[in-house]
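What follows is a set of notes on a single structure, which appears directly below.
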């Protein structure tokens, strides 16, 4: 049998990892985004309405995170491309980040009625903290890629292609990476100290803002969760999307995801 026919047969026999990941993401996304949509409708579209944008944004996110993975999987069907797998997986991680980071935190500080001297520190502080965590996560992942044997052990050269095992890569990443946690004790002490202060202050400032005090408490406690998923998104992009692209440009070989 010619070598090219043998390779095609092997590729056909392998399960479509990208399509499987897309189906998992498409099943996950509706529950979380529609929950955010329902909460946004109940909280921000009451009588009188504050804004319709929170639930509209949640609906658009639901459409994107349900349809996006399926479109990527359809466009790359049968290839098991690691870059496509990484993109599909990113949609799944973004859904959870959206609930805690975008809906739970940023939408709250943008649309909830509150004094400007509380809104802007909370909003700008969240943006600065997220940007800082993106930079720190990038530095950590780049160190793992460039200064450890992670790439050599994870991306296996099989002659005409590289293969990448998800299970093996996760074990090796935990072994070689020293990523910081977004839940250090000092941060938790700050959160636990600030949240009650904001709740009490909000009740003193206005009845409307005080009624949303639980939302503020959830926003502050949800920020570390959103930071963790921010780091996961950065890691997914650098390892599963950016790195396979560079390997293919350098070697001309596709990077395939395997079980």
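Just so you know, all these numbers are worked out from the coordinates, no wet-lab data involved. It should be emphasised that the depicted structure is a prediction, and the values quoted were computed from it without experimental measurement. Cβ placement follows ideal geometry from the backbone for every residue including glycine, while neighbour counts extend to all protein chains displayed.
Once the Cα-Cα distance is subtracted from the 0.36 nm per residue extended length, the residue 250 to residue 153 segment shows a gain of 33.1 nm. Computed FRET efficiency, Cβ-Cβ of residue 51 and residue 24, R0 35 Å: what is it to the nearest 0.05? That gives a FRET efficiency of 0.60. The listed peptides 99-108, 241-250, ordered by packing as a protection proxy, come out as 99-108, 241-250 (highest mean of other Cβ atoms within 10 Å first). Scoring 145-152, 68-75 by mean Cβ neighbours within 10 Å over their residues and listing the highest first yields 68-75, 145-152. Protection proxy ranking of 87-96, 158-167, by the mean of other Cβ atoms within 10 Å over each peptide's residues and highest first, is 87-96, 158-167.
Between residue 75 and residue 124, residue separation times 0.36 nm minus the direct Cα-Cα distance comes to 13.8 nm. For the pair residue 161 and residue 131, a Förster radius of 45 Å applied to the C-beta separation gives a FRET efficiency near 0.80, rounded to the nearest 0.05.
Spin-label model, residue 116/residue 146: points 7 Å from Cα along the beta carbon direction are separated by 4.3 nm.
Taking only the alpha carbons of segment 19-158, we obtain Rg and Dmax values of 18.8, 63 Å in that order.
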